[in-house]
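**Q** Quick one: the structure is below, questions incoming.
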Amino acid sequence: MNRRLLVFLASLLAGGIGRAEDREATNSAAAKGPAADLGYEVKRTGFLIATRNDLPKVFAPIEGAKKAVLAPAFEWEYGVRLFSKEKWLAQKYDWATYQEEALRHADSLVEALKPEFRRDARGVIDYALVLSDDPFLSSILFSRKLLPYFEAKLGKRLRVAVPDRTTLYVFPADGGKLEGYGPALVEKFEEARYPVTLEVFLVDETGVRVIGELER
């Protein structure tokens, strides 16, 4: 497991969720006992890349990100919801168990990938298009299996754009191919039913971090 992910997981185990005021409120609520279940049946759980505009109440920061965060979420009858502090406490999750299951699911998503490799006029791969109806698709950025999966065709360093919940664009980090697609990816983000972020992620052997933002 890479160093940055280990640091990330350690912060979760230490209770490093949300902003300082959120952690204080969560700890206060925990001291009073679990909140009442809000009635949403949890069918499946995982991680989403969300943004602060989504107002996540339970989340972990992503290195370098100004907007994107990693947030626990759950599937229920009508789709996917981020956890409220009350719902998180009602489920009585512990971070170690939650993260293990969420990352195991991320690994399984990588194993099931069927990317489309888009090439330029010379036949050189520009990027891999990853599509999935699984709402936890973005969590594969934190799977230790992602880099080995793409390494042979895209290299040891990847740049990844996540314009919407069902789509990833995976570029080789070297070569500057991503910049030429910036305007199209911004348009994809603006038209998405479930937009995620315009921030760009670098995935390499040391972990995952945000290195910039898409522009027109």
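The values are calculated or read from the model by the stated rules, or taken from the named source; none is laboratory data. This one's a predicted model, so the numbers in the text were calculated from it and none came from an experiment. Don't worry about glycine lacking a Cβ; one is built from the backbone with ideal geometry, like all the others, and counts go over all protein chains shown. We work out accessible area using only protein heavy atoms, side chains counted, and drop any ligands, DNA or RNA first. Shrake-Rupley method; radii C 1.70, N 1.55, O 1.52, S 1.80 Å.
**Q** Which residues, taken from the stretch 44-64, are at pLDDT 95 or above and farther than 21 Å from L109 by Cβ?
**A** Residues satisfying the conditions are E63, G64.
**Q** Now for a different question. Applying the selection to the stretch 90-117, what residues are of a type in the set (A, V, I, L, M, F, W, C) and within 19 Å of the chain's Cα centre (by Cα)?
**A** Correct list: W95, A96, A102, L103, A106, L109, V110, A112, L113.
**Q** When only residues in the stretch 90-110 that are of a type outside the set (D, E) and in a loop (DSSP other than H, G, I, E, B) count, which is least open to solvent (accessible area, probe 1.4 Å)?
**A** Y93
**Q** Name the residue that is least open to solvent (accessible area, probe 1.4 Å), counting only residues in the stretch 177-189 that are of a type in the set (D, E, K, R) and more than 14 Å from E213 (Cβ to Cβ).
**A** K177
**Q** Follow-up. Pairs, please: C-beta under 8 Å, at least 6 apart or cross-chain, first residue in contact (Cβ under 8 Å) with a residue 24 or more places away in the chain and in the stretch 143-160, second in a helix (DSSP H, G or I) and among the basic types (K, R)?
**A** No pair meets every condition.
**Q** Can you run down the residue pairs with Cβ atoms below 7 Å, 6 or more apart or on separate chains, where the first is in the stretch 163-185 and part of a helix (DSSP H, G or I) and the partner is surrounded by fewer than 18 Cβ atoms within 10 Å (Cβ to Cβ)?
**A** Pairs found: G182/E215; G182/R216; P183/R216.
**Q** Check the stretch 25-33 and report whether any residue there is modelled with pLDDT of 90 or more and polar (S, T, N, Q).
**A** Within the stretch 25-33, not a single residue is modelled with pLDDT of 90 or more and polar (S, T, N, Q).
**Q** If you go through the stretch 133-147, how many residues are closer than 19 Å to R44 by Cβ, crowded, with 21+ Cβ neighbours inside 10 Å and touching a helix residue (DSSP H, G or I) at 6+ places or on another chain (Cβ under 7 Å)?
**A** Qualifying residue count for the region: 6.
**Q** Just the residues that are open to solvent by less than 20 Å² (accessible area, probe 1.4 Å) and of a type in the set (G, A, S), please, taken from the stretch 111-132.
**A** Correct list: A128 only.
**Q** Out of all the residues in the stretch 121-130, is one or more in a helix (DSSP H, G or I) and among the aliphatic types (A, V, I, L, M)?
**A** No, the stretch 121-130 has no match at all.
**Q** Can you pull out every residue in the stretch 111-120 that is in a strand (DSSP E or B) and either at pLDDT below 95 or over 14 Å from A152 (Cα atoms) (or both)?
**A** E116, R118, R119
**Q** Step by step: first the residues of the stretch 68-89, then only those that are crowded, with 16+ Cβ neighbours inside 10 Å and assigned to a loop (DSSP other than H, G, I, E, B), then the one that is farthest from the chain's Cα centre (by Cα). Which residue is that?
**A** Restricting to residues being crowded, with 16+ Cβ neighbours inside 10 Å and assigned to a loop (DSSP other than H, G, I, E, B), the top hit is S84.
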